């Protein structure tokens, strides 16, 4: 039986003899192989005519491809027509011979995958490829040689030339990207400030960029040669931490405005990039975007892309494991550098999945039962810094990055525990947990490593590292609250009825203690002037504690209610500080203000408070005002949220509260009203007055 020859009809004589793919249809004469070998690229006359027709067809497609820059969307969600610079749709009029050539090329891709899995590939692999688990198509090869355990992580040859961005874009795309400012970088001072901010504030907690590549480009003065998508993604994540004068020097009124512009550039470039590792890195960073235009769904959307990309690349699996679960053999095609990067990418994606599931109340996308990627290690974060010059390190990196690398591993470990808490306590179809399960998980939580600034008297820690310690503690307290809170009213299977009340009281006390510790941490951050280091994931960490404080406002003891309200006030003030930079903090603050008003409407009864009209007129009045406000019944409660990416306010709305004896008052609200309710500097101190009402009951 003869063996079918899988090779393209459009190839030079040299590539045909060696049975390798020829790049003639992409590069023309000479092909890449002949150019590298410095050999004459010979194409026979018949195939030369075929090559000419293919190139003419591609040229027609390139010029006729519809493109309307004026109709490009600047929304947070990507276009439904992603750009791909290497593959074009086949014309309906394709001749049978051309269709046959295309089919042969497609079949040859399957041969290359099989050859790479069997260790028989030609050339050096560059493109990561994951063949799938035991049910994947390449498991067919296991049936042929069951004694040979084949790797599932491969590197396939790159057949297309690594063209520069300017070479791979059409004129229309280049014009569109130029109009978006993609090719216009900020000034050197701003670029240096952004890179420094990224490595000191973002990279230690999300180490997804290969540091030596980015820092090497900066040090060599070739920053413009670095990947354009990653440049804008890094800038987008770092802009929260640069000085306001830098933003203003670049023509922006605020960090929010500059951040929106950076996001627009990164978003515009995303569909013009094909490298999957780059797309994964970018999507993880773009997951920090919040915008009213997409109903604040961007974090969930972009993180979903990150999870999908990880699983496409097989980053959830150990590259040294085969389909045989008992077999581990070092995969020679994967370098140690790739192993370090893949672990960082996977566990960062896992971290985002768990905490977004908590803060957004959505299901976890990652099931660790499907994953065997080795646990993250501190050396993974530090592995690509060996070649960076000392002066560059001192200029851009935090001096205690080694300590912070250990903190990152602790954060990943906490994220694994959080996933268990969410699964045990909050899954939609969860059963009633047993007492043994609850106690085992509690023991695991209490055994988590969590650093303390007093462990070594804070010696040698930079301000960035100090913040990281407190940030870890905020994560830990949030986990404790989410674990204990449900059991204040529920009890597990196996708990004796006589012990139930005492057990639930202990659960409530532990949750309340964790909420109070959260306030202590916020107090330390404020005292040490570290709130300016807050990350995009910092505001959500306050929510569990704020919910506990609000819940405890139901206490029968009036003094206890006032104390809980005071603690909630502290969190609201900190959230107010965060909302200067983070849109999500404005949303949280508005939601809690509304919740507080609901409590007030329910418990204050017929007692009066200043009317919204009076509050709107006097929101900025002096604290020393001597004229007391007239108290009148209220039927309209203010609610305004700053949810715009550029700091713009949401349109004022009127929210009716069902007071007993509704006066049908419906007053238009302004953005000042929320501040009048929660701002201690206003003439009417909402917190103090509410506390007075509790005392008078």
Exercise. Somewhere in segment 361-369, is a residue outside any loop (DSSP other than H, G, I, E, B) and within 30 Å of residue 538 (Cβ to Cβ)?
Worked result: yes
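Residue-by-condition table, conditions (1) out of contact with any strand residue (DSSP E or B) (no Cβ under 6 Å at 6 or more places or on another chain); (2) part of a helix (DSSP H, G or I); (3) closer than 22 Å to residue 349 by Cα:
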site: 236; (1), (2), (3): yes, yes, yes
site: 247; (1), (2), (3): yes, yes, no
site: 252; (1), (2), (3): yes, no, no
site: 261; (1), (2), (3): yes, yes, no
site: 272; (1), (2), (3): yes, no, no
site: 281; (1), (2), (3): yes, yes, yes
site: 290; (1), (2), (3): yes, no, yes
site: 296; (1), (2), (3): yes, no, yes
Seminar exercise, completed: For helices (runs of 4 or more DSSP H) lying entirely in segment 538-604, having 1 or more residues that are in contact with a strand residue (DSSP E or B) (Cβ under 6 Å, 6 or more places away or on another chain) picks out 583-604
Problem set entry | Unique match (being within 29 Å of residue 199 (Cα to Cα) and outside any helix (DSSP H, G or I)) among 417, 453 | 453
Exercise. Are any residues in segment 398-408 touching a helix residue (DSSP H, G or I) at 6+ places or on another chain (Cβ under 8 Å) and either farther than 28 Å from residue 542 by Cα or part of a helix (DSSP H, G or I) (or both), and if so, which ones?
Worked result: 401, 402, 403, 404, 405, 406, 407, 408
Seminar exercise, completed: Only one of (1) touching a residue at least 40 places away in the same chain (Cβ under 8 Å); (2) closer than 17 Å to residue 235 by Cβ; (3) crowded, with 21+ Cβ neighbours inside 10 Å does not apply to residue 280, and that is (2)
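For segment 487-509, name all the residues that are part of a helix (DSSP H, G or I), farther than 14 Å from residue 441 by Cα and in contact with a helix residue (DSSP H, G or I) (Cβ under 9 Å, 6 or more places away or on another chain).
Of everything in segment 487-509, those that are part of a helix (DSSP H, G or I), farther than 14 Å from residue 441 by Cα and in contact with a helix residue (DSSP H, G or I) (Cβ under 9 Å, 6 or more places away or on another chain) turn out to be 488, 503, 504, 505, 506, 508, 509.
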Seminar exercise, completed: Of the candidates 512, 523, the one satisfying the condition of being surrounded by fewer than 17 Cβ atoms within 10 Å (Cβ to Cβ), touching a helix residue (DSSP H, G or I) at 6+ places or on another chain (Cβ under 8 Å) and under 15 Å from residue 477 (Cα atoms) is 523
For this session: Quick one: residue 473 ticks every box in (1) touching a residue at least 40 places away in the same chain (Cβ under 8 Å); (2) more than 27 Å from the chain's Cα centre (by Cα) except a single one, so which number is it?
Result: (2)
Exercise. Being out of contact with any helix residue (DSSP H, G or I) (no Cβ under 8 Å at 6 or more places or on another chain) and either modelled with pLDDT under 95 or closer than 30 Å to residue 432 by Cβ (or both), is that true of even one residue in segment 564-579?
Worked result: no
Exercise. Looking at segment 208-229, which of its residues are surrounded by 24 or more Cβ atoms within 10 Å (Cβ to Cβ) and more than 17 Å from residue 381 (Cβ to Cβ)?
Worked result: 229
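The values are calculated or read from the model by the stated rules, or taken from the named source; none is laboratory data. Note that this is a predicted model, so its numbers are computed, not measured. All Cβ positions, even for glycine, are placed from backbone atoms using ideal geometry, and neighbour counts span all protein chains on display.
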